[in-house]
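K.L.:
Sharing a structure here in structure tokens format.
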Amino acid sequence: MKLATLKDSTRDGRLVVVSRDLTRCSEVGHIARTLQAALDDWEHVAPRLQQVAEGIETGAQPTMRFHEHDAASPLPRAYQWADGSAYVNHVELVRKARGAELPTSFWTDPLMYQGGSDGFLAPRDPIVAADEAYGIDMEGEVAVIVGDVAMGSSPQLARQAIRLVMLVNDVSLRGLIPQELAKGFGFFQSKPASAFSPVAVTPDELAEAWDGGKLHLPLLVTLNAKPFGKANAGVDMTFDFGQLIAHAAKTRDLVAGTIIGSGTVSNKLEGGPGKPVESGGAGYSCIAEIRMIETIENGSPKTPFLRFGDQVRIEMHDRAGHSIFGAIEQTVERHGGSELQ
């Protein structure tokens, strides 16, 4: 089934079940008002939501028109948002561009950071920044929402806790990252609010494209209406979601509603760095990656980070060419807050 959260006057919106073709939806407040409420009682609530989903497809369930621009992120805020870096190719390029070796442990122990989860951007909300010099970048990723996960769970158990799958734009401010990491205390200012796809789907909706821990479909990223990336999310993913969830749960319980991200989807080409879409490659899911390759090949980057007015679109199609999650579509805007005075 497919679930979404419609914006309303509350912080957490209201839960709806969405048709497979993303055109219609049904209110389900009598079952669970919010997605978090559904996740808190998933064993009892999910079967009832599934009945609604089946009724939508057969015409037995009353529906209304579903508009993606009315949707908040499926969880407008979450108890926890932990983002991994499962595509080690991406990490390897970052380090190679600055002449640093990749520690061998990176191939066996995932990288992960804890992001801000007190408020996510809606999928059509703008990316707002005070200054282009911050190095505004998108990061196209896949994410999962889990149920309760006990501390010390194995990857096998962790995979069973995956409730929903969605897409994410993990916005990064590349110009702020080096000075933050140099302090040895991780990201904060360099990681503003992320945006998630209009719809989150249960793994069974993905059919053979979902193998239990990876999603084997291209992630389509466009920049100003031009193809920028189509990297396959199931290729070159060193750690699957079971491994990422187990990593997050090594020393703590994870509560229902925790979001785990894959990190920037990244593919190699013939064992080496990827190529742009226009050159026959799979392209990129973030601007930093093409800048890394330009630095490695030419000594310096030439592709600029996002500028005010730029538009980013992140989407994924099924094998028949239909949108699965709806689209994250965001325009970069200047923030006019007091810090500019």
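The values are calculated or read from the model by the stated rules, or taken from the named source; none is laboratory data. In this text, all values refer to a predicted model and were calculated from it rather than measured experimentally. Cβ: placed from backbone, ideal geometry, glycine included. Neighbour counts: every protein chain shown. Keep in mind that these areas ignore ligands, DNA and RNA; they rest on the heavy atoms of the full protein, side chains included. Shrake-Rupley method; radii C 1.70, N 1.55, O 1.52, S 1.80 Å.
K.L.:
For Lys183 and Asp41, what is the calculated FRET efficiency with R₀ set at 35 Å and r taken between the beta-carbons, to the nearest 0.05?
P.N.:
With a Förster radius of 35 Å, E is 0.25.
K.L.:
To continue, here is another question. By per-residue mean of other Cβ atoms within 10 Å, what is the highest-first order of 110-116, 71-77?
P.N.:
Ranking, from highest mean packing down: 71-77, 110-116.
K.L.:
Given axes a ≥ b ≥ c from the Cα gyration tensor, I'd like to know whether the range 151-225 is rounded (a/c under 1.5), prolate (a/b larger than b/c) or oblate.
P.N.:
Oblate.
K.L.:
Mean separation of Cα pairs under 8 Å and 6+ residues apart, divided by the residue count of the range 103-250: what relative contact order is that in percent?
P.N.:
Reported as a whole number, the value is 27 percent.
K.L.:
Excluding residues on the same chain fewer than 8 positions from Lys226, give the aspartates and glutamates whose Cα lies under 15 Å from its Cα.
P.N.:
Leaving aside aspartates and glutamates fewer than 8 places away in the same chain, those within reach of Lys226 are Glu278, Asp310, Glu315, Glu329.
K.L.:
Looking at this model, which pairs from Lys230/Lys268; Lys214/Lys250; Lys96/Lys250; Lys214/Lys275 are more than 18 angstrom apart at the alpha-carbon?
P.N.:
In this structure, Lys214/Lys250; Lys96/Lys250; Lys214/Lys275 lie more than 18 Å apart at Cα.
K.L.:
Could you sort Ser279, Ser190 by accessible area so the largest value comes first, with the probe set to 1.4 Å?
P.N.:
Largest accessible area first, the list is Ser279, Ser190.
K.L.:
Name the residues whose placed amide hydrogens come within less than 5 Å of the amide hydrogen of Gly274, ignoring near sequence neighbours (fewer than 5 apart) on the same chain.
P.N.:
Sorted by chain and number, the residues that satisfy this are Leu269.
K.L.:
Given a Förster distance of 30 Å, report the FRET efficiency between Leu102 and Thr251 from their Cβ-Cβ distance, rounded to the nearest 0.05.
P.N.:
0.75
K.L.:
Is the C-alpha gyration tensor of the range 205-325 telling us rounded, prolate or oblate? Criteria: a/c under 1.5 is rounded; beyond that, a/b larger than b/c is prolate, otherwise oblate.
P.N.:
Note, shape of the range 205-325 comes out prolate.
K.L.:
Using 19 Å as the cut-off for backbone N distance, which residues of the range 206-234 belong to the label zone defined by a point 7 Å from the Cα of Leu269 along Cα→Cβ?
P.N.:
218-223, 226-234
K.L.:
Just report the Cα centroid separation between the range 70-129 and the range 261-292, whole Å.
P.N.:
16 Å
K.L.:
On a full-extension model of 0.36 nm per residue, what is the gain between Arg20 and Asp204, subtracting their alpha-carbon distance, rounded to one decimal in nm?
P.N.:
Stretched fully, the Arg20-Asp204 segment lengthens by 65.0 nm.
K.L.:
Send over the Kirkwood Rh of the chain, from the inverse of the averaged 1/r over different Cα pairs, rounded to one decimal Å.
P.N.:
It works out to 20.3 Å.
K.L.:
Provide Ile290, Ile296 ordered by accessible surface of protein heavy atoms (probe 1.4 Å), highest first. Mind showing how you got there, number by number?
P.N.:
Numbers: Ile290 25, Ile296 60 Å².
Heavy-atom accessible area, descending, gives Ile296, Ile290.
K.L.:
What ³J(HN,Hα) values, in whole Hz, does the Karplus curve 6.51 cos²θ - 1.76 cosθ + 1.60 give for the range 316-329 when θ = phi - 60°, with x put for Gly and Pro?
P.N.:
Each residue of the range 316-329 in turn: 9, 9, 6, 5, 8, x, 9, 5, 8, 10, x, 10, 7, 9 Hz.
K.L.:
HN-Hα J couplings of the range 167-181 from phi, Karplus 6.51/-1.76/1.60, θ = phi - 60°, integer Hz, Gly and Pro as x?
P.N.:
9, 8, 10, 8, 4, 10, 10, 4, x, 9, 5, x, 5, 6, 5
K.L.:
Then there's this: Excluding Gln114 itself, calculate the net charge of residues whose Cβ lies under 10 Å from the Cβ of Gln114, where each Lys or Arg counts +1 and each Asp or Glu counts -1.
P.N.:
Residues near Gln114 contribute 0 overall.
K.L.:
In square nanometres, what is the average projected area of the Cα convex hull of the range 111-238?
P.N.:
9.6 nm²
K.L.:
Right, another one. Remind me, relative contact order of the range 1-68 in percent, using alpha carbon pairs under 8 angstrom and six or more residues apart? The partial results should precede the final answer.
P.N.:
Working: 105 pairs, mean separation 21.7, N = 68.
Once normalised by length, the contact order is 32 percent.
K.L.:
Work out from phi, with θ = phi - 60° and the Karplus expression 6.51 cos²θ - 1.76 cosθ + 1.60, the ³J(HN,Hα) of each residue of the range 202-215, listed in order in whole Hz, and give x for Gly and Pro.
P.N.:
Karplus-based 3J(HN,Hα) across the range 202-215 equals 6, x, 5, 5, 8, 6, 6, 6, 9, 9, x, x, 9, 10 Hz.
K.L.:
Moving on. With 19 Å as the cut-off, how large is the P(r) tail for the range 91-142, expressed as percent of Cα-Cα pairs?
P.N.:
So the portion of pairs separated by more than 19 Å is 53 percent.
K.L.:
Check cross-link reach from Lys183 to the lysines: straight Cα distance under 20 Å, and skip same-chain residues fewer than eight apart.
P.N.:
Hits, sequence-local ones excluded: Lys191.
K.L.:
Next question, about the same structure. Where a ≥ b ≥ c are the square roots of the eigenvalues of the C-alpha gyration tensor, would you call the range 123-195 rounded, which needs a/c under 1.5, or, failing that, prolate if a/b is larger than b/c, or oblate? Write down the numbers at each step before the final one.
P.N.:
Details: a/c = 3.66, a/b = 1.70, b/c = 2.15.
Here the range 123-195 falls in the oblate category.
K.L.:
Can you tell me the order of 201-207, 321-327 when each peptide is scored by its average per-residue count of other Cβ atoms within 10 angstrom, highest first?
P.N.:
So the peptides 201-207, 321-327, ranked by packing, come out 321-327, 201-207.
K.L.:
To the nearest 20 debye, what charge dipole does the chain have about its Cα centre, counting +1 at the Cβ of each Lys and Arg and -1 at the Cβ of each Asp and Glu?
P.N.:
Roughly 260 debye for the chain.
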